[in-house]
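The values are calculated or read from the model by the stated rules, or taken from the named source; none is laboratory data. Keep in mind that what you see is a predicted model, and the values were worked out from it rather than measured. Positions of Cβ are generated from backbone atoms using ideal geometry, with glycine treated the same way; all protein chains shown enter the neighbour counts. Keep in mind that these areas ignore ligands, DNA and RNA; they rest on the heavy atoms of the full protein, side chains included. Shrake-Rupley method; radii C 1.70, N 1.55, O 1.52, S 1.80 Å.
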Amino acid sequence: MGTEPGVVIVGGGQAGLEAAAGLRTQGYEGTVTLICEEPHAPYQRPPLSKDFLNGKQEVDRVFLRALAYYEKQRIDLILDERVTEINAGAKLVHLAGGGTVPYAHLILAVGARNRLLPAPGAENVLYLRSIDEAVTLKQRLAEARQGVAVIGGGFIGLEVAAAARIAGKPVTVIEAAPRLMARAVSPVLSNFFLDLHRAQGTEVLLNTVAIEVRPDAVMLENGRRIAADLVVAGIGVLPNVELARAAGLEVNDGIMVDEYMRTIDPAIFAIGDCADHPNVFAGGRARLESVQNAVDQARCVARVIMGQPEPYCDVP
């Protein structure tokens, strides 16, 4: 790593990589350090619940760049390492493995984590966000015999349900809300996908709450038992704000930033799934979980660091 403080990016998802790549594309000559908590180089998450789970894509095809890219672009890639503390006064990040990394600019692209199912037996539940979780789920899906229960009728839940039906498994989707994907799409689209999944043979239960997960079944609030030897929960995510909060930054639904993705500390930015930002289309503040949002916000920060600031106001 270079000796002069440069840009340190915490988080090896789409936002983190795009920030590093954007800086080099725009001519940034200082050091760029990308710290990834997972042992894997940055990869795409969307294919994990689609082609990879369906067996149409191998795991090595989900990586965003070959390892040679990072060397060529002079991006110091630190894998399997966690930032435990931000010392904003000294402009240092502390690593779990020991040591510190200095920064002139710090970009928090720390993303979000799965919301865990609050029910007895939840230790038997699988989730899908990381590449390791996807590999485990794919293996367990092949082994499932009694049935697959999917708790949560959002994007992830429905994609897992579709993959399970393609694999020929009996599938039940359990959704507590009165319609599918209620947080993200209109009632017309909810009804369209409800009909589509039912037509494929998936049982979809709305206004239904899972209260217990057993090794061979899911118990519902209405007393019904759903046979399943594989249970997957897709009930949303929680933004990773703990590091920012401990550093004295403002947090709400995410890490609070202005229209340039800056926190209250002008040397620290937050982008992607973890960023609570002003959004003209939302009519207030918003935290968006999407690839395009991550890419656009990363490019915004790169422009700010390069002295060419433009407010983030892209269409979500």
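What would the Debye equation give as log₁₀ I(q)/I(0) for segment 32-142 at q = 0.10, 0.11 Å⁻¹, counting only Cα atoms as equal point scatterers?
-0.41, -0.49
Residues with amide H under 5 Å of residue 230's amide H, sequence separation 5 or more or different chain, H placed in the peptide plane at 1.01 Å from N; which?
When sequence neighbours closer than 5 places are left aside, the close amide H contacts are 147, 149.
Among 267, 200, 235, which residue has its Cα furthest toward the positive end of the charge dipole of segment 173-316, with +1 on Lys/Arg Cβ and -1 on Asp/Glu Cβ?
200
Would you grab the residues whose amide H sits under 5 Å from the one on residue 255? Only those 5+ places off in sequence or on another chain, please, with H modelled 1.01 Å from N.
Result for residue 255 returns 275, 276.
Measuring with a 1.4 Å probe in the full set of protein chains, what accessible area per residue, in whole Å², belongs to segment 163-233?
51
How many nm separate the modelled label positions at residue 258 and residue 306, each set 7 Å beyond the Cα in the direction of the Cβ?
Computed distance between label sites residue 258 and residue 306 equals 2.1 nm.
How big is the Cα convex hull of segment 166-233 in projection, averaged over all directions, in nm²?
Working: hull surface 19.4 nm².
It is 4.8 nm².
Please work out the ratio of the alpha-carbon Rg of segment 166-291 to 2.2 N^0.38 Å and round it to two decimals.
Cα-based Rg divided by the globular estimate yields 1.41.
Taking θ = phi - 60°, what integer Hz values does the Karplus form 6.51 cos²θ - 1.76 cosθ + 1.60 yield along segment 295-306, in sequence order, with x for Gly and Pro?
5, 5, 5, 4, 5, 4, 5, 4, 5, 4, 5, 7
I'd like to check one number: the per residue accessible area of segment 1-66, probe 1.4 Å, reported in Å² as a whole number.
With all protein chains present, segment 1-66 gives 43 Å² per residue.
What residue among 54, 207, 279 shows peak mean-square fluctuation when the chain is described by a Gaussian network model with Cα springs under 10 Å?
207
Let's see if you can work this out: charge +1 on each Lys and Arg Cβ, -1 on each Asp and Glu Cβ, no other charges. What is the dipole magnitude of segment 184-316 about its Cα centre, in debye to the nearest 20?
Rounded to the nearest 20 debye, it is 140 debye.
Which whole-Hz couplings ³J(HN,Hα) result when phi for each residue of segment 122-128 is put into the Karplus expression 6.51 cos²θ - 1.76 cosθ + 1.60, θ = phi - 60°, listed in order with x for Gly and Pro?
Calculated HN-Hα couplings, in order: 5, 5, 8, 8, 9, 10, 9 Hz.
Debye calculation, C-alpha points only, no solvent: report log10 I(q)/I(0) for segment 84-177 at q = 0.11, 0.20, 0.24 Å⁻¹, in the same order as the q values.
The Debye formula, applied to the Cα set alone, gives -0.51, -0.97, -1.33.
What does the accessible area of residue 130 come to, in Å² to the nearest 10, when a probe of 1.4 Å is used?
Surface open to solvent at residue 130 totals about 20 Å².
With charges only on Cβ, +1 for K and R and -1 for D and E, what is the dipole size of segment 222-291 about its Cα centre, in debye, rounded to 20?
The calculation lands at about 340 debye.
For the chain, what are Rg and Dmax over the alpha carbons, in angstrom?
20.9, 63
Where the accessible area of segment 136-233 is counted over protein heavy atoms with a 1.4 Å probe, how much of it, in %, is carbon and sulfur?
Answer for segment 136-233: carbon and sulfur cover 55 percent of the accessible area.
Excluding residues on the same chain fewer than 8 positions from residue 72, give the lysines whose Cα lies under 29 Å from its Cα.
Within the straight-line cut-off, residue 72 pairs with 91.
Express the C-alpha Rg of segment 248-316 as a ratio against the empirical globular expectation 2.2 N^0.38 Å, rounded to two decimals.
In units of the globular-protein estimate, segment 248-316 measures up at 0.98.
Where nothing but the Cβ of Lys and Arg (+1) and of Asp and Glu (-1) is charged, how large is the charge dipole of the chain around its Cα centre, in debye to the nearest 20?
720
Name the most mobile residue of 297, 14, 139, meaning the one with the largest mean-square fluctuation, in a Gaussian network model of the chain with Cα contacts below 10 Å.
139
Which far-off residues, 5 or more places away or on another chain, put their amide H under 5 Å from the one on residue 269, with H placed in the peptide plane?
HN-HN under 5 Å from residue 269: 106, 107, 108, 263.
Going Cα to Cα from residue 56, which lysines come in below 21 Å? Please leave out same-chain ones fewer than 8 positions away.
In chain and number order, the partners are 138, 169.
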